Amino acid sequence: QVQLVESGGGLVQPGGSLRLSCAAFGSIVSINEMEWYRQAPGKERELVAGIVSGGIATYADPVKGRFTISIDNAKNRVYLQMNSLKPEDTAVYSCTGVVITDGLGSTWWGSGQGTQVTVSS
């Protein structure tokens, strides 16, 4: 059984920063890939950033240059550093990923519950 748990959300003023964490718990050999999504009220869920185990990252255009995704394989965690936050970044952020669960390469796919990020003065 694997569980993804997000943390680090909160209320921040425009221009501020937050670092989100996605921790993978359970029977885990390694994180294969992980994505951060966000969903604002009344809007579609959108992909924010993604990373694979080798460290190659991709970003959605609205966050390029402001957000950085990183992976800590030793701690089974993926981080999303968010700088220069804007009110339009307000959303519930969640992580979704693929985890390797044993030496045979078995995988688990799932999502966490999400963490609220509110950017407001």
Inset, instruction - Select from the stretch 24-38 the residues that are in contact with a Leu (Cβ under 7 Å, 6 or more places away or on another chain) and of a type outside the set (F, W, Y) and write down the one among them that is surrounded by the fewest Cβ atoms within 10 Å (Cβ to Cβ). - result: E35
Inset, instruction - Under 8 Å between Cβ atoms, at least 6 apart or on separate chains: pull out the pairs that start in the stretch 37-48 with a residue that is without any contact (Cβ under 8 Å) to a residue 24 or more places away in the chain and end on any residue that is surrounded by 14 or more Cβ atoms within 10 Å (Cβ to Cβ) and assigned to a loop (DSSP other than H, G, I, E, B). - result: E46/A60; L47/A60
Inset, instruction - Identify all residues within the stretch 2-23 that are touching a Ser or Thr at 6+ places or on another chain (Cβ under 7 Å) and open to solvent by 30 Å² or more (accessible area, probe 1.4 Å); write none if there are none. - result: S7, G8, G9, L11, Q13, P14, G15
Legend entry - Wholly enclosed strands (runs of 3 or more DSSP E) of the stretch 48-121 bearing at least 1 residues surrounded by fewer than 14 Cβ atoms within 10 Å (Cβ to Cβ) and in contact with a Phe, Trp or Tyr (Cβ under 9 Å, 6 or more places away or on another chain): 67-72, 115-119
Inset, instruction - Please indicate, with yes or no, whether at least one residue in the stretch 83-96 is more than 20 Å from L11 (Cα to Cα), in contact (Cβ under 8 Å) with a residue 12 or more places away in the chain and in contact with a strand residue (DSSP E or B) (Cβ under 8 Å, 6 or more places away or on another chain). - result: yes
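The values are calculated or read from the model by the stated rules, or taken from the named source; none is laboratory data. As the structure is a prediction and not an experimental result, all values here were calculated from the model. Ideal geometry is used to build each Cβ from the backbone, glycine not excepted, and the neighbour counts take in all protein chains shown. We work out accessible area using only protein heavy atoms, side chains counted, and drop any ligands, DNA or RNA first. Shrake-Rupley method; radii C 1.70, N 1.55, O 1.52, S 1.80 Å.
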